[in-house]
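A.B. asks: I have a structure I would like to understand better, so I am pasting it below and will then ask my questions one at a time.
The values are calculated or read from the model by the stated rules, or taken from the named source; none is laboratory data. A quick note: this is a predicted structure, and the numbers were derived from the prediction, not measured. Ideal geometry is used to build each Cβ from the backbone, glycine not excepted, and the neighbour counts take in all protein chains shown. These accessible areas exclude ligands, DNA and RNA; they are computed on the full protein's heavy atoms, side chains included. Shrake-Rupley method; radii C 1.70, N 1.55, O 1.52, S 1.80 Å.
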Amino acid sequence: MTDAWAESAEGWDDNPAVRQYAAAAHHSLLATLEQEFFPLEGRDVLDFGCGTGLMTARLADQAKSIIGLDTSPAMLEQFEARASAWPHVRAEAGPLPADVRVDLVVASSVLGFVPDLGATLRMLSGHLRPGGLLVHWDWERQPGGEDGVSRDEVRAAMMSAGLRLCSLDIAFELQFDGYTMAPLRGVARKGKSSKGC
């Protein structure tokens, strides 16, 4: 199987649009965690589709542990180089052992590329502890388009995965080279919570 990201991985972090998007997604995540009364400190995190680790790097100083999961060996090589600064961060090519449990799953611009959204969300839900959160950012499919995810697909897939959808909205808007980046953010919780959704 070829690595579709092999040519992009080494220079990925040098792309200004990638850096701007990663910073905005991180800011969006912090706002989401505050709204959901879900402090990051002491949490076990799964960065699904971690790429080179731009999100992980922003979470590593607060999280108890982080697993970066990606199918691209080239991206994971970059991730591992970055993660070497933190002993509690590790890379995995997947699948994860069935007994791995985390408090928070983040998935930035990846669920729109998986072959089966429902199956992927069921897998991620299986690794979430009760009360845990899943937060994702993906490109919203436009009418007549093929790329990205639709709101209806996300709602149905979350429900089939046993997750309670807390919110589904546009996370942020960024202007870059005349193009507007406006990813759809989905927030879901596994089970009940005394606070938040």
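A.B. asks: Hey, quick one: spin label on residue 93, modelled 7 Å out along Cα-Cβ, who in region 56-77 has an amide N within reach, i.e. under 19 Å?
C.D. replies: Label zone hits: 67-77.
A.B. asks: While we're looking at this one, here's another question. What are the DSSP H helices in the chain that stretch 18 Å or more along their long axis, judged by alpha-carbon atoms, and whose average Kyte-Doolittle hydropathy comes to at least -0.5?
C.D. replies: 16-35
A.B. asks: Here's another thing I want to ask about it. Per residue, how big is the convex hull around the C-alpha atoms of region 72-138? Give it to me in cubic angstrom, could you?
C.D. replies: 108 Å³
A.B. asks: Here is a further query. Would you mind computing, in nm to one decimal, how far apart the modelled labels at residue 173 and residue 152 are, each placed 7 Å from Cα along Cα→Cβ?
C.D. replies: 2.5 nm
A.B. asks: So how exposed is residue 194, as accessible area in Å² (1.4 Å probe, rounded to 10)?
C.D. replies: 120 Å²
A.B. asks: Counting only GluC sites (Glu not before Pro) that are in a DSSP loop and have at most 10 other C-beta atoms within 10 Å, tell me the longest site-free stretch of the chain.
C.D. replies: 42-145
A.B. asks: Compute the distribution of all C-alpha to C-alpha distances in the chain, in bins of 10 Å from 0, and list the percent of pairs in each, rounded to whole numbers.
C.D. replies: 9, 37, 40, 13, 1
A.B. asks: Also, I was wondering about something else. Once you have the Cα-Cα distance between residue 80 and residue 27, take 0.36 nm times their residue separation minus that, and quote the gain in nm to one decimal.
C.D. replies: Between residue 80 and residue 27, full extension yields 16.7 nm more.
A.B. asks: Quick one: grab the alpha carbon gyration tensor of region 82-177, order the square roots of its eigenvalues as a ≥ b ≥ c, and give me rounded if a/c is under 1.5, else prolate or oblate depending on whether a/b is larger than b/c.
C.D. replies: Numbers: a/c = 1.86, a/b = 1.31, b/c = 1.42.
It comes out oblate by the Cα gyration axes.
A.B. asks: OK, next. For the pair residue 142 and residue 160, how long in nm is the line joining their label points, each one 7 Å along Cα→Cβ?
C.D. replies: So the two model labels end up 2.7 nm from each other.
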